[in-house]
Amino acid sequence: MVDPRVVPSSDLVDLLAAVCDVESVSGDEAALADAVEALLRDQPHLEVHRDGDAVVARTTLGRDRRVVLAGHLDTVPLTDPPNLPARLEGSGDDRVLRGRGTVDMKAGLTVFLALAVELGRPGSEPTSDVTYVFYDHEEVEATKSGLGRLVRHRPDLLAGDFAVLGEPTSSGIEGGCNGTIRVEVRTRGRAAHSARAWRGENAIHAAAPVLARLADYEPAQVEVDGLVYREGVNAVGITGGIAGNVIPDACTVTVNYRFAPSRTEAEAEAHLRELFEGFEVVVTDSSPGARPGLDDPLAADFAAAVLAATGGEPRPKYGWTDVARFAQLGVPAVNFAPGDPMLAHADDERVPVAELAVCREALRSWLLGA
Ligand SMILES: [Zn+2]
């Protein structure tokens with residue numbers, strides 16, 4: 001459990017190890033949510049709310065701007081044998097903490113927790129009010145999302161002028177995210193015994209032009225608010241055929257389009273309908289992207305503070321993250337936290353502990369207006 005006494009004076013590494021050692025695989029976040037809630041309720045400068053296993057804490061300094069720092073409490077399942085408790089390896093500045101959640105995304109959570117405890121005390125008052133959001137069920141179906149539930153129950157608690165999501169970015173800023181849409185492209189045929197194939201029509205053969213159009217497709221690179229997003233249209237599944245001696249009467253190619261955040265979901269759908277003209281196209285799943293919002297003055301200050309602390313230029317985020325939910329609420333959002341995103345969900349997840357202090361310092365100096 002997180003011991004409130006270890007924050008903020010102790011090493012951030014101890015806090016991160018403690019947070020990692022409270023297992024919180026999706027659906028099992030209660031213990032960590034309880035620990036986070038207890039820690040935050042101990043801080044007289046924070047107003048704390050609980051919704052299921054989500055915890056929201058806010059400063060109420062009456063500032064005219066509000067910044068949201070948000071992150072999910074859950075992790076993907078442990079490995080067998082388990083990759084917990086977290087283990088510290090190496091020495092000095094080269095130390096790494098290894099274990100489930102160290103990258104995705106308890107390093108980000110730890111930085112936010114340390115800031116929540118520190119900022120708002122007399123003498124450490126931020127120039128914006130700050131809302132901290134710790135939520136459950138991110139690593140599972142979108143319908144279970146704790147952040148989605150907060151959007152439904154208490155959108156007022158998520159209001160802000162700018163949000164930072166603690167997904168791993170190797171301490172660089174990754175702005176916005178691509179949208180994603182999945183469609184099924186369906187072909188029909190006529191079933192027959194394969195010994196008398198001339199009596200049927202082969203639906204799998206009819207899908208050949210669909211695959212040819214995908215193979216020939218040249219994905220765009222689209223500049224949005226100064227960042228270049230790479231798109232992609234790919235077959236991610238194909239089904240058809242019911243037996244080894246039957247001409248198939250149906251075939252379905254599942255296609256996923258990752259589209260730049262300057263396009264709407266409707267525009268993405270229209271693009272796919274045009275690409276697969278002449279075929280039946282059924283949308284099965286779609287989520288909008290999010291613009292990076294780096295043209296906002298608050299975001300520009302943030303980018304400058306991060307640049308000063310880490311030397312990293314803003315980059316686009318290709319994968320879909322919860323920044324899109326904030327964008328839908330009208331809150332521009334970026335991803336920023338320690339940890340290599342390529343190691344998220346990896347069996348050997350590990351974070352260089354030096355990054356914890358770098359990220360804390362970048363956020364701290366930005367929020368204090370230093
Ligand atoms: Zn994550």
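Numbers at a glance
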| quantity | calculated |
| --- | --- |
| Flag if Val253 is among the aliphatic types (A, V, I, L, M), touching a residue at least 24 places away in the same chain (Cβ under 8 Å) and under 20 Å from Arg213 (Cβ atoms) | yes |
| Subset tally (residues that are β-branched (Val, Ile, Thr) and in a loop (DSSP other than H, G, I, E, B)) for the stretch 310-365 | 3 |
| Within the stretch 219-306, strands (runs of 3 or more DSSP E) holding 3 or more residues that are surrounded by fewer than 21 Cβ atoms within 10 Å (Cβ to Cβ) and within 19 Å of the chain's Cα centre (by Cα) | 280-287 |
| Residues of the stretch 62-77 that turn out to be open to solvent by 40 Å² or more (accessible area, probe 1.4 Å) and within 16 Å of the ligand (Cβ to nearest atom), as a count | 1 |
| Residue list for the stretch 35-48, filter: touching a Lys or Arg at 6+ places or on another chain (Cβ under 7 Å) and either crowded, with 18+ Cβ neighbours inside 10 Å or of a type in the set (Gly, Ala, Ser) (or both) | Glu37, His45, Leu46, Val48 |
| Filter result (of a type in the set (A, V, I, L, M) and buried (at least 24 other Cβ atoms within 10 Å of the Cβ)) within the stretch 316-343 | Val323, Ala333, Val334, Ala337 |
| Residue within the stretch 83-97 that is outside any strand (DSSP E or B) and either closer than 17 Å to Val133 by Cβ or among the hydrophobic types (A, V, I, L, M, F, W, C) (or both) present | yes |
| Breaking point among (1) open to solvent by 60 Å² or more (accessible area, probe 1.4 Å); (2) within 14 Å of the chain's Cα centre (by Cα), for Glu313 | (2) |
| Positions within the stretch 100-129 being within 23 Å of Asp11 (Cβ to Cβ) and among the β-branched types (Val, Ile, Thr), in sequence order | Thr102, Val103, Thr110, Val111, Val117 |
| Matching option when the condition is within 16 Å of the ligand (Cβ to nearest atom), under 29 Å from Asp161 (Cα atoms) and either open to solvent by 10 Å² or more (accessible area, probe 1.4 Å) or among the hydroxyl-bearing types (Ser, Thr, Tyr) (or both), among Thr59, Thr102 | Thr102 |
| Number of positions in the stretch 131-166 that are within 13 Å of the ligand (Cβ to nearest atom) and touching a Pro at 6+ places or on another chain (Cβ under 7 Å) | 0 |
| Out of Arg182, Arg213, sole residue that is of a type in the set (Lys, Arg), within 30 Å of Lys317 (Cα to Cα) and over 22 Å from the mean Cα position of the chain (by Cα) | Arg213 |
| Set Val103, Val133, Val48, Val67: member being within 19 Å of Ser365 (Cα to Cα), of a type outside the set (Phe, Trp, Tyr) and out of contact with any His (no Cβ under 6 Å at 6 or more places or on another chain) | Val67 |
| Qualifying residue in the stretch 44-52 (condition: more than 20 Å from Asp129 (Cβ to Cβ), within 16 Å of the ligand (Cβ to nearest atom) and in contact with a strand residue (DSSP E or B) (Cβ under 9 Å, 6 or more places away or on another chain)) | no |
| Which numbered condition Gly179 misses (of (1) closer than 26 Å to Ala268 by Cβ; (2) within 16 Å of the ligand (Cβ to nearest atom)) | (2) |
| Condition broken by Leu32, with the remaining ones in (1) within 16 Å of the ligand (Cβ to nearest atom); (2) open to solvent by less than 30 Å² (accessible area, probe 1.4 Å); (3) not in a helix (DSSP H, G or I) satisfied | (3) |
| Tabulated pairs, the stretch 307-328, first closer than 21 Å to Val358 by Cα and within 16 Å of the ligand (Cβ to nearest atom), second in a loop (DSSP other than H, G, I, E, B) and not small (Gly, Ala, Ser), C-beta under 9 angstrom, 6+ apart or interchain | Lys317/Glu167; Lys317/Thr169; Lys317/Asn178; Lys317/Pro292 |
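Okay, residues lined up against (1) touching a strand residue (DSSP E or B) at 6+ places or on another chain (Cβ under 9 Å); (2) within 21 Å of Thr310 (Cβ to Cβ):
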| residue | (1), (2) |
| --- | --- |
| Ala114 | no, yes |
| His137 | yes, no |
| Thr143 | no, no |
| Pro168 | yes, yes |
| Ile173 | yes, yes |
| Val185 | yes, no |
| Gly189 | yes, no |
| Ser194 | yes, no |
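The values are calculated or read from the model by the stated rules, or taken from the named source; none is laboratory data. The structure displayed is predicted, hence computed values, not measured ones. Cβ: placed from backbone, ideal geometry, glycine included. Neighbour counts: every protein chain shown. Side chains are part of the model used for accessible areas, which takes the heavy atoms of the whole protein and leaves out ligands, DNA and RNA. Shrake-Rupley method; radii C 1.70, N 1.55, O 1.52, S 1.80 Å.
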